[in-house]
Structure formats: C-alpha cells, structure tokens
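Working notes, structure below.
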Amino acid sequence: MDYYKLDDTIVAISTSLGKSGIGIVRMSGAGVLKIVDQIFSSKKGESSLSFQSHTIHYGFITEDIDVVDEVLLSVMRAPRTYTKQDIVEINCHGGIVALRKVLNLCVQKGARLANPGEFTLRAYLNGRIDLTQAEAVLNIIDAKTEESLKVASRQLSGGLSDVLNGLREKLIEIISEFEAVLDFPEEEIELSRKKIILNKLKNISDELKNLLKHSKEGRLMQEGIKGVIAGRPNVGKSSLMNALLGHDRVIVTSTPGTTRDVVEEVIDLGGIPLRIADTAGIIETKDLIEQEGVMRAKKEIEIADIVIVVLDASSSLNKDDEFLFQQVKNKEHIVCINKIDLGINLNFKDIKKYGVKNPVQTSAIKRLGVEELKEKIYNLFMDEKIDLSTPIVTNLRHQEAASNASVALDAAVKNLTQSLYLELVTQDVKTALVEISKILGKEVTEDIINSIFSRFCIGK
Ligand SMILES: Nc1nc2c(ncn2[C@@H]2O[C@H](COP(=O)(O)OP(=O)(O)O)[C@@H](O)[C@H]2O)c(=O)[nH]1
Ligand SMILES: [Mg+2]
C-alpha cells in the first residue's frame, strides 16, 4: 500500500480550497528539488538544486514558457523538517485554478498526490513525532475553544509522551530485574527488594490513574457536547440562541413558525465547545413545511446530549409544551422559562409534574439569566474545573490502553504480594508495557494507524 511508502515524493494543496490571499502547495520526499527545478524560475536565475535549507525564493511557476503564477518558494532540506524529508512549500496566489495547476505540474514531473494526513504520517514513521503527537496535530486542527487547543498543543509538545516514556522505562527496568531472577530457578526476590518493586508498581499504576482522572472532561473539551433548543413556536428559542451566542444569528419574528430548519452554532462554554441547534417549534401541524421542520427538530432531540426546553413565562403551560415534555422524558434536559420580563403567568405547579425542580429563568431579549443557563449546562457535564497544565488523556484510544495498563499493574501488585509465580507477575507487567507502548505508537497495528490518519485532511 502506498500509505507506508516513504521513498516517493508526495504533493498536496495544504490550504483550504476557496478564494484566499495565498494558497500553499506542499511537497515532501527525496525528489522535491528536482521537481521544483523543472517548474520554478527564480527571479535571480538560480537553479533550485542549489537552494540552501530553510530559505525562501521569489519567482514564477511556469509551464513551458507560460507563467502560471508568481510565487514564494520555501525550501527545507532533510532532516530538520516536518517529515524529516526534503520539503518545498510553494506559496501561490489563493485561487483554486492556479493552485490546481501548480499541483498538476508537480504530479506531471513525478510527484504523487498525498493521502489524507500523509505528511504527518511520514513525520511519525520517520520518528520525528510519536502517535500521541500525531493525534495532537489532528486535535489542534479541530480545536474549537482555546482550552481544547491548550490540551492539544501540550500533547504535541510532548507533555503526555514524556510521562508515558518515563513510565515505560520504569516498567522495562522492573521486567529485566524479574527476568534476571527467573533465569536462576533457585533464586527469589529478597523481601526488601520486593517491597521496593511493589511500591514502584503501585506508583506507576497511580500515575496512570491520574492521567485518566480527567479523561471525561478532557474529551468533552475536545469533542464538545451537542445541545438543542426546543419548545413550541414563539417562546423565544431563536432569541435565546442569539443571546447564548452573544450576537444575532437566527431570525427572530413575532410570527410563529419562522424557524423551519435547524440552525447550528458553536458556543464556548467555559472551554467546552457546545454545538447548539435552534429548531422549529415542536407542534402538531398540518402545514407540510412545518411538519418537515418538526420532524427535523425531533431528530435533533434524539441525537442531542442535552435539550434546552424553553417555556413562555407569560402564558400557562399548553398541550404543545406537554407534548415536548413527553419527547424529552428520557433525555438529559434543562428547563428554561423565558420572557420573565413580561411577568410570570406560568404556574410552576404544572411543570413540577414533569419533575422540573429548578428551572432557569431568562429573558432572551433583556439578556437575563443567560449566564446562569450556561453555567447549569456546564455543571451538568463537568464535575470540576480541570488543571490544563498537567497532561491528561483525552482520546478514547489512549483511555482504553491506559486503563488496561493500570488494571494489569494492579494484578501484578496483587500477585506479587501473594507471592504467586513470578512468571505470572512478569506477564502482567509486560501487558502494561505493551498497552503504554500502544499509546505512543510503538506497538500498533496498521488498522489503528489507518483509522487515525484517515481522519486527517489532505495536505496535513
Ligand atoms: N418580552 C420578551 N419577548 C421575547 C423574549 N424572547 C423572545 N421574545 C419575542 O418573542 C417572539 C418570538 O421569538 P423567537 O425567538 O422568534 O421565538 P421562537 O419561535 O421560539 O424561535 C419575538 O417577537 C421575540 O422578540 C423575551 O425574553 N422577552
Ligand atoms: Mg425560531
């Protein structure tokens, strides 16, 4: 499979396609300078083959005698580059046609179109970064809040890798000590030595548990939560959405049924990206377009992590509200009583029936209660504020492996305490070592690598 080939030259457009000031075509591999030499004319008339590492050159990309684009060429020679191979980045003007043309020229001269994430894959296969760092690159690209960016960039700079590599070394030491003893059947571990090793094993397991302690919160920061605003028409759902966003995004009118489609936006909820959708009111209706809107709203509710049920403070509960309470019965939800600026006519006893205890009271128009609503949602998901300066395990793959490792170490501690066969204990410790190595990408299958890198975009 091409994916694991390292000896050819790959090329991709690394910036997003669309009109923009500049666009970058990136190439990596041993052949880049030879390819560039055939399509780039330097203003100074120099040959690309003579360019020094980490230099920038002004000139033109040409096809035969035609100028395709005026460009800046960045040359980075191996090994101090992203992939540890020769890299050239061609800074073109941002138009799609020019970029595609430059890309095609590179292919014509011998480069191959890169697969998604293939530049980062090469960085990993060439040992410049480990797998947690490659995954951090993904998370940086995907980061939706400053906090999720912070977690990812710490991971990229090796915060998590350092901890895990440290634990690996300790385990390797213990394993070799065990193996030394196992080589001489008549020998046993001295009692004092055994105590020291037991302590070491416990400490390593504790360190793993520490990394795992805030996984849930860490993952929330990266992946975010999905919320949906639901309620009958005209209770102020769209107004509330705008209030939560802090700017007007959704059309608000006094005509019921204006919002017919689902509008989704991301709100930064104390570091957690909350993807929130405003929906059409949930009602029984004969209007076909309205029916479609209602159906979509129901679908949104189904997939949401949390539903914000909006009621109108100025009127009493009606059958549409009750219908909605039925819909969210088995879902995480928060009740929001809106339009409190109009006075409260809603009878709180009516909503108690539905198990509503502390509804948030808001006025979307006067921007009242909005912060309280945000805080309530935040607290539903985050048990405590987490310290972003210590490494945390955020992705599911790491979480599983770290917890397997910790379980294996606990078994090792138990077996060693009970003086069971040392072979057995050694096996437990080896299992822990393999699991930690997996996180770092030292012992992973092609499937895992494929599933990670297929999530990248092309050009990264
Ligand atoms: N007085 C008052 N009016 C509101 C409030 N929130 C929304 N409205 C008004 O209620 C009407 C319906 O609002 P809209 O957000 O479109 O409701 P939706 O149909 O649930 O999306 C509009 O005229 C809004 O200006 C509020 O908190 N107080
Ligand atoms: Mg609306």
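Numbers below:
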| read-out | value |
| --- | --- |
| Subset of region 231-276 [out of contact with any helix residue (DSSP H, G or I) (no Cβ under 9 Å at 6 or more places or on another chain), within 13 Å of ligand 2 (Cβ to nearest atom) and at pLDDT below 90] | S254, T255, P256 |
| Residue match in region 70-78 (condition: closer than 18 Å to L17 by Cα and more than 37 Å from the chain's Cα centre (by Cα)) | no |
| Residue within region 286-305 that is open to solvent by less than 10 Å² (accessible area, probe 1.4 Å) and not in a helix (DSSP H, G or I) present | yes |
| Segments classed as helices (runs of 4 or more DSSP H), wholly inside region 314-383, with at least 2 members that are open to solvent by 50 Å² or more (accessible area, probe 1.4 Å), at pLDDT below 95 and more than 26 Å from P273 (Cβ to Cβ) | 319-327, 348-352 |
| Tally of residues being under 24 Å from G441 (Cβ atoms), outside any helix (DSSP H, G or I) and not polar (S, T, N, Q) across region 113-124 | 3 |
| Residues satisfying the stated conditions in region 225-239, i.e. surrounded by fewer than 23 Cβ atoms within 10 Å (Cβ to Cβ) and under 23 Å from S148 (Cβ atoms) | I225, K226 |
| Residues (within 8 Å of ligand 1 (Cβ to nearest atom) and charged (D, E, K, R)) located in region 231-250 | R232, K237 |
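The values are calculated or read from the model by the stated rules, or taken from the named source; none is laboratory data. Source: prediction; values computed, not measured. Glycine gets a Cβ as well: all are built from the backbone with ideal geometry, and neighbour counts include every protein chain shown. What goes into the accessible areas is simple: the full protein's heavy atoms, side chains included, and nothing from ligands, DNA or RNA. Shrake-Rupley method; radii C 1.70, N 1.55, O 1.52, S 1.80 Å.
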